[in-house]
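J.: Below: one structure in structure tokens.
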Amino acid sequence: MSTQIYPLKFEPIYQYRIWGGRKLEHLLSKPLPENEPVGEAWILSDRKDHSTQVSGGNLKGLTLTNLMADFRYEIMGKLGYHFEHFPLLLKFLDCKEVLSVQVHPSDDQKEYIPQGDLGKTEAWVVLETSEDSRIYAGLKKGTTKENLVESIQNKSVADRLHSFVPKKDDAVFIHSGTVHTLGGTVVFEVQENSDVTFRLYDWDRTDPKTGEPRELQVEKALACIDFKQVDIGPVIPEKSKDMKNAEKLFDNEHFKLWRIKSESEFTVGFKDEPAILVCTEGQGMMKYNDADYTISKGEVVLLPAIIGLLDLHPEQEITLLQIAIPDRK
């Protein structure tokens, strides 16, 4: 059965969001739904309600959920003993308007997480900015539950949030419990496989589809905030010792992420572990079992663990994000 497995590409799933725009059509080849703001493209997802489908080859049409049921150990390798479901969710976000001010619970805050689900630690890589780009990450020092509640009541929440103007290629780590939002940017997002978000404040706007304000979950949000998460800025990339032309952006218990920029051939993948490749600029080609597999801007490729290492040949310069899942022993 494992001979069927090959480097897997997936169809993105577009999501309507009131804060979204139309910029994802420049990043992805799949046409956007007409006449509505698209805020998110889920590019690798093992969620019951939205599981991405393989876009080509003999497994075309199967979802990542199907693959994890039928090929769990081929895909996950030694990590298959720890994960029944694929543990990460990958997205592109087009934040034309600013998102709600929000927070996500941590894995151990079980009372705030649906059964069988996870908390949500996430991270962003900035792909595009605009004149009104801003990232809000963490609280300002000195913010307490009391003065935060007061700022919600008098609509001055922004004064309690740390923020900065992002630049293209900035990478920002948002640990669970961190108050955050962003606007005027297009980002790549990697996160735990979770969809639990508590809105603290939504800028007093209404949803054009319903004519109503979106629901807030202020009490739950307050309960999940880590008030020590303050003044968060972009991470400082670390030159990789193991990968050529690569810098490590994130390394935590949920995911590791490297950014590779190269005009010459380089190796991708890991031994007996899955690798996720996301192309943000350019295109390249890999050979596996005498077949060619391409990756180009806006595409994600899942390299199942059974494949191991492959050589990637860029057409010109390519910018590739490579993601690993840490082994939870």
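J.: Could you work out how far apart the two model spin labels at Glu315 and Asp132 are, taking each label as a point 7 Å from the Cα in the direction of the beta carbon, and quote it in nm?
T.: Inter-label distance under the simple model: 3.5 nm.
J.: Turning to a different aspect of this structure: Which value results for Rg/Rh of segment 121-269 when Rg is the Cα radius of gyration and Rh the Kirkwood radius based on the inverse mean 1/r?
T.: Working: Rg = 17.5 Å, Rh = 17.1 Å.
When Rh is taken as the Kirkwood radius, the ratio is 1.02.
J.: Can you give the calculated 222 nm mean residue ellipticity of the chain, where each DSSP H run of n ≥ 4 adds -39,500 (n - 2.57) and the sum is split over every residue, rounded to the nearest 500 deg cm²/dmol? If you can, show how the numbers build up before the last one.
T.: On the way: 4 runs with 28 residues, N = 329.
So the helix-based figure for the chain works out to -2000 deg cm²/dmol.
J.: Here is a follow-up. Most exposed first by the Cβ proxy, i.e. fewest other Cβ within 10 Å, how do Ile135, Ile276 rank?
T.: With the sparsest Cβ surroundings first, the list reads Ile276, Ile135.
J.: Would you list Val278, Val98, Val218 from fewest to most Cβ contacts within 10 Å?
T.: Fewest to most other Cβ atoms nearby, the residues stand as Val218, Val98, Val278.
J.: Taking H as built 1.01 Å from N, whose amide H comes closer than 5 Å to the amide H of Val300, not counting residues under 5 places away?
T.: Placed amide hydrogens put Phe10 under 5 Å from Val300.
J.: Using modelled backbone amide H atoms (1.01 Å from N, in-plane), which distant-in-sequence or interchain residues come within less than 5 Å of Leu161's amide H?
T.: Lys140
J.: Could you list, in their original order, any pairs among Lys48/Lys110; Lys60/Lys244; Lys96/Lys228; Lys120/Lys167; Lys167/Lys297 whose Cα atoms are separated by more than 21 Å? Display every interim value, and only then the final one.
T.: Values: Lys48/Lys110 19 Å; Lys60/Lys244 33 Å; Lys96/Lys228 29 Å; Lys120/Lys167 24 Å; Lys167/Lys297 19 Å.
Checking Cα-Cα distances, Lys60/Lys244; Lys96/Lys228; Lys120/Lys167 exceed 21 Å.
J.: Using the Karplus equation 6.51 cos²θ - 1.76 cosθ + 1.60 (θ = phi - 60°), what ³J(HN,Hα) coupling, rounded to whole Hz, does each residue of segment 76-86 give in order, writing x for Gly and Pro?
T.: In residue order, the calculated couplings are 8, x, 5, 7, x, 6, 9, 10, 7, 10, 5 Hz.
Quick note: the coordinates plus some simple rules give every number you see, no bench work behind them. Since the structure is predicted, the reported quantities are computational estimates derived from the model, not experimental observations. Neighbour counts are summed over all protein chains in view; Cβ atoms, including those assigned to glycine, are modelled from backbone coordinates with ideal geometry.
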